[in-house]
Structures are given as C-alpha cells and as structure tokens.
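Each value in this text was obtained by applying a stated rule to the coordinates, not by laboratory testing. What you are looking at is a predicted structure, and each value in this text was computed from that prediction instead of being measured. Every residue, glycine among them, receives a Cβ derived from its backbone with ideal geometry; neighbour counts consider all protein chains shown.
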Amino acid sequence: MSDRFEIRIAGSGGQGVILAAVIIGQAAALKEEGLNSVQTQAYGPEARGGASKSEVVIARGEIDYPKAANPNLQVILTQKACDEYARDTAPGGTVILDDFFVREKPDIDAEIYSLPIVKTARDVLGREIVTNMVALGTVARVLETRGLVKPESIKATILENVPKGTEELNSKAFDEGYKLIPKD
C-alpha cells in the first residue's frame with residue numbers, strides 16, 4: 001500500500017452508502033494494526049433518492065487531508081453517481097458498479113466489475129435494504145487482495161453496527177457480496 005488508500009461509495013439516499021463507509025473506516029482503524037482512517041460524507045437534501053456519497057481514507061501514517069481526490073476503489077450504485085464520480089478513479093484503480101442501476105460503463109483506466117449488488121440483495125436475500133452489506137462484501141474482497149483490511153474485521157464491525165435482530169441477514173448479505181468477486 002502507498003501512504004494512502006482512498007475509497008468512495010456513491011449512490012442515492014436510502015442505499016446505506018454512509019453506513020457502509022463508516023463500517024470500513026471503523027474496521028480499518030479499530031480492528032487492523034497500524035492503520036488510520038477518516039470518513040467523510042455528502043448527500044442531497046432529500047432523505048431518500050437524492051445523491052449520496054461517502055468516502056474513507058486509509059493510511060499507515062497520518063492523514064493530512066480527509067477527502068478522496070482520486071479514489072483507488074469506488075463502489076458506484078447508480079448511473080448518476082457513475083456519471084459524476086467514475087472519472088475521479090485513480091489510474092489502475094478498481095471500480096465496482098451495480099449492474100442493475102448502472103447501464104453505461106465508464107471508459108477509464110481502471111479494473112471495472114459490473115456486479116449484481118442490488119439484484120443479490122433483492123432476489124437472493126429478499127431485502128433490498130441490505131444492498132450496502134452486499135457492497136461491503138465486494139469491498140472486503142478488494143481490500144483483502146490489497147493486504148489492507150481483513151474480511152473478518154469488516155464483518156465483525158458490521159455486526160457491531162446493525163440493529164439487533166438483523167445480524168444474520170446482514171452477515172449473509174456480506175457473504176453473498178464477498179462471493180461476487182472471483183478469487184484471482
């Protein structure tokens with residue numbers, strides 16, 4: 001890892017992008033040795049359906065600027081977010097797109113995965129509300145391959161942050177998302 005690893009999760013209000021980023025930041029800073037993290041967020045005035053993004057910066061040293069300028073990893077859940085943010089991806093970075101809401105892939109220098117994130121939440125788990133947990137499973141796979149954050153750290157942090165009684169559903173959603181990106 002270089003000194004910084006930037007992550008952005010973008011979509012619309014109600015998709016849980018802010019909670020997802022909070023979980024990544026907590027897992028990195030509280031469960032992994034020697035990592036610092038900072039999380040920021042931006043969202044429109046609408047409670048649901050408006051633009052929403054959340055960013056996490058992970059570093060082994062001090063973090064001098066809290067925002068992601070050129071994310072190494074982006075999870076993009078809507079076409080509007082894709083159109084607005086995909087081009088910010090660092091050259092050679094990774095972009096994970098939801099294949100239901102994102103129909104037009106960006107032409108950028110990045111590894112792009114078009115995955116059934118929303119479909120998995122809706123059709124496999126029966127609850128679209130766990131879209132963010134499916135997305136976190138994909139993030140965990142990427143962060144694991146980069147040697148940054150262990151999947152079990154993210155999963156444990158999920159279980160600490162979700163409402164009581166939903167742990168099993170959220171855990172399954174994470175596992176399903178983790179399986180969406182094939183092992184190299």
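For this structure, a couple of remarks:
- Counting 0.36 nm for each residue step from E168 to Y65 and taking away their Cα separation leaves a gain of 33.5 nm.
- Each of the peptides 32-42, 88-98, 74-84, 134-144 was scored by the mean count of other Cβ atoms within 10 Å over its residues; in descending order, highest first, they stand as 134-144, 74-84, 88-98, 32-42.
- The chain shape via C-alpha gyration tensor axes, a/c threshold 1.5: rounded
- Karplus-derived 3J(HN,Hα) values for the stretch 13-18, using 6.51 cos²θ - 1.76 cosθ + 1.60 with θ = phi - 60°, are x, x, 8, x, 5, 6 Hz; glycine and proline are entered as x.
- Amide H to amide H, with H built 1.01 Å from N, G93 comes under 5 Å of E111, counting only residues 5 or more places away or on other chains.
- Length released on extending from E104 to L30, taking residue separation times 0.36 nm less the Cα-Cα span: 22.9 nm
- Cα-projected label distance for R127 with A156, points at 7 Å along beta-carbon direction, nm: 2.3
- Note on the chain: antiparallel DSSP beta bridges, both residues inside, total approximately 55 percent of the bridges counted.
- Global form of the stretch 103-184, assessed from the alpha-carbon gyration tensor, a/c cut-off 1.5: oblate
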